[in-house]
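All remarks here apply to the structure that follows.
The values are calculated or read from the model by the stated rules, or taken from the named source; none is laboratory data. Treat the numbers as computed from the prediction; the structure is a model and nothing was measured. Positions of Cβ are backbone-derived with ideal geometry, glycine not excepted, and every protein chain shown enters the neighbour counts. Quick note on the areas: whole protein, heavy atoms, side chains included, nothing else; ligands and nucleic acids left out. Shrake-Rupley method; radii C 1.70, N 1.55, O 1.52, S 1.80 Å.
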Amino acid sequence: LGDVGAFDILGNETAEVPLAQAAWHMLRRPYIGVRPVKYNYTPYKGVWRGTNCFASWSWRNCEGNKAVVEIYSTGDYCELYLNGKRLGRKKLRDYKATFNTKYESGKLSVKAFSKDGKCVGENMLESAVGDLKIRLDSDNMTIKPKGIAYIDISVVGENGIVECNADVLLRVKVDNGVLIGFGSANPRTEERFTAGEYSSYYGKAQAVVAATETSPVKVTVTGEGIGEQSIEIQVEKA
């Protein structure tokens, strides 16, 4: 939980993964990483920490803040665009290029090129728009009796994009099951995984539940000021 590693505690990959993929020529398209825009200061970085950027261009109430963008690609150079305006062209050194700009909500896109000018890949990030709500997803929509399901919780805009700068206190209620743990990937918190309430971290959290009977497990998540959402996990018949 030192905010390091290729994956956080929720299983989300960090920027170390696409950079390694680029070095091994396994990256299918350019990666756009953005250092947290909500900070107007340079955070201290330990020698074990490569970067704190991740793939998001959704930072509500941060218009005009400094934004550092890292591009990873197997191309030779890249061009970065913000809402259709080209911010510049840079050579990729060790599969990486860094741009400095100011945050402006909308669309941030990149194109990577080979030495002969051929486009070898492109990618884009978008900002969340409109009112925020809770989205629930699970890879375990059907589990065995007494089985376990992982519920991914996101704070998203009306366009389904995760909002990174609107974290809220979330509460979880489980019917026909038991809550095993609930939390976020925040490495600096005094919140407890067993309390049934936890604040989202950069718009994400996760709940782990287990079935106690054959009825569907219903998980309801409520967020302060953003309503509630429910999801049902089916339980196989014994």
Pairing a residue in the stretch 151-173 that is surrounded by fewer than 20 Cβ atoms within 10 Å (Cβ to Cβ) and modelled with pLDDT of 95 or more with any residue that is in a loop (DSSP other than H, G, I, E, B) and basic (Lys, Arg), where Cβ atoms lie under 8 Å and the two sit 6 or more apart in sequence or on different chains, gives 165/38; 165/60
Residues in the stretch 1-51 that are at pLDDT 85 or above, touching a Gly at 6+ places or on another chain (Cβ under 9 Å) and not basic (Lys, Arg) total 10
Considering residues that are touching a Pro at 6+ places or on another chain (Cβ under 9 Å) and modelled with pLDDT under 95, the number found within the stretch 213-235 is 2
For strands (runs of 3 or more DSSP E) lying entirely in the stretch 172-238, having 2 or more residues that are within 28 Å of residue 61 (Cα to Cα) and not hydrophobic (A, V, I, L, M, F, W, C) picks out 197-199, 204-211, 217-223, 227-235
Going through the stretch 195-238 in order, the residues found to be over 20 Å from the mean Cα position of the chain (by Cα), of a type in the set (Gly, Ala, Ser) and open to solvent by 20 Å² or more (accessible area, probe 1.4 Å) are 195, 215, 225, 227, 230, 238
Of the residues in the stretch 94-114 that are out of contact with any Phe, Trp or Tyr (no Cβ under 8 Å at 6 or more places or on another chain) and over 18 Å from residue 57 (Cα atoms), the one that is most open to solvent (accessible area, probe 1.4 Å) is 94
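Conditions tested, residue by residue: (1) more than 23 Å from residue 33 (Cα to Cα); (2) of a type in the set (Lys, Arg).
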{"position": "107", "(1), (2)": "no, yes"}
{"position": "110", "(1), (2)": "no, no"}
{"position": "123", "(1), (2)": "no, no"}
{"position": "126", "(1), (2)": "no, no"}
{"position": "131", "(1), (2)": "yes, no"}
{"position": "139", "(1), (2)": "yes, no"}
Output yes when any residue across the stretch 152-159 is part of a loop (DSSP other than H, G, I, E, B) and among the aliphatic types (A, V, I, L, M), and no when none is. no
